[in-house]
1. Could you tell me whether the stretch 1-64 comes out rounded, prolate or oblate from its Cα gyration tensor? Rule is a ≥ b ≥ c as square roots of the eigenvalues, rounded for a/c under 1.5, then prolate if a/b exceeds b/c, otherwise oblate.
2. Go through (1) 67, 30, 29; (2) 40, 34, 29; (3) 48, 41, 26 and flag the label whose value is the computed Cα extents along the principal axes in Å for this structure.
3. Rounded to the nearest 500, what is the chain's calculated 222 nm mean residue ellipticity when only DSSP H runs of at least 4 contribute -39500 (n - 2.57) each, over all residues?
4. Determine the dipole magnitude for the stretch 3-142: charges of +1 sit on the beta-carbon of Lys and Arg, -1 on that of Asp and Glu, nothing else is charged, the reference point is the Cα centre, and the result goes in debye to the nearest 20.
5. Enumerate the amide H contacts of residue 62 below 5 Å, restricted to partners 5 or more residues apart or on another chain; note that Pro and chain-start residues carry no placed amide H.
6. Report the extension gain between residue 77 and residue 34 in nm, rounded to one decimal, defined as 0.36 nm multiplied by the number of residues separating them, less their alpha carbon distance.
7. For the chain, what number of Lys pairs, 8 or more residues apart or on separate chains, have alpha-carbon atoms under 17 Å from each other?
8. Evaluate E = 1/(1 + (r/R0)^6) for residue 42 and residue 124, where r is the Cβ-Cβ distance and R0 equals 22 Å; express this FRET efficiency to the nearest 0.05.
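Computed from the coordinates by the stated procedures, all read-outs in this text should not be read as laboratory data. The structure displayed is predicted, hence computed values, not measured ones. With ideal geometry, Cβ positions are generated from the backbone for all residues, glycine too; neighbour counts draw on all protein chains shown.
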Amino acid sequence: MKKIFTVSGRSNLGKSQTIKAVYEQLFKVFPDLKVIRDIRETEIEIRAVISVNGHRIGVESRGDNRKIVDESLSIFAEAKCQFILCATRSRGGTTDAVQEFAQLNKFTVETILKIGEPDVTAQSQANKKLARKIVKDIEALLSI
């Protein structure tokens, strides 16, 4: 089963921070995790292919425009990722890119809607909570 998790929402809701938290937590949950390819353009964002128990996972924390999402999906397809985690906007080009890629490459898509919180502390807590949920979902998929 090939699956894409999208953390979706408008700008400045913590989508990228949530994905970065997932990436960091995966290293703790899976000590044998290997980084196959780290393709960061900046130190604060993540674009990488990792391997856990023989399963390849593509991770992209940026999802503000279609070009970035298209590039990442292409890299992840080339790397033969079975699972992908990326950020998208609620609608428009980034969402369309994921849907088109999924249909063409026979992935299922789980969209996780990111909502805003009233303050920075609440936002940070919500990001961490959502990251834990996504890690548990990935753990479940890897155990199948």
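1. Working: a/c = 1.81, a/b = 1.55, b/c = 1.17.
In terms of gyration-tensor shape, prolate.
2. Only one option fits the structure, namely (2).
3. Working: 4 runs with 64 residues, N = 144.
It comes out at -14500 deg cm²/dmol, rounded to the nearest 500.
4. On the way: 23 positive and 18 negative charges, 53 e Å.
About 260 debye.
5. 46, 87
6. 13.7 nm
7. Final tally of qualifying lysine pairs is 28.
8. Values: r = 21 Å, r/R0 = 0.94.
Calculated transfer efficiency: 0.60.
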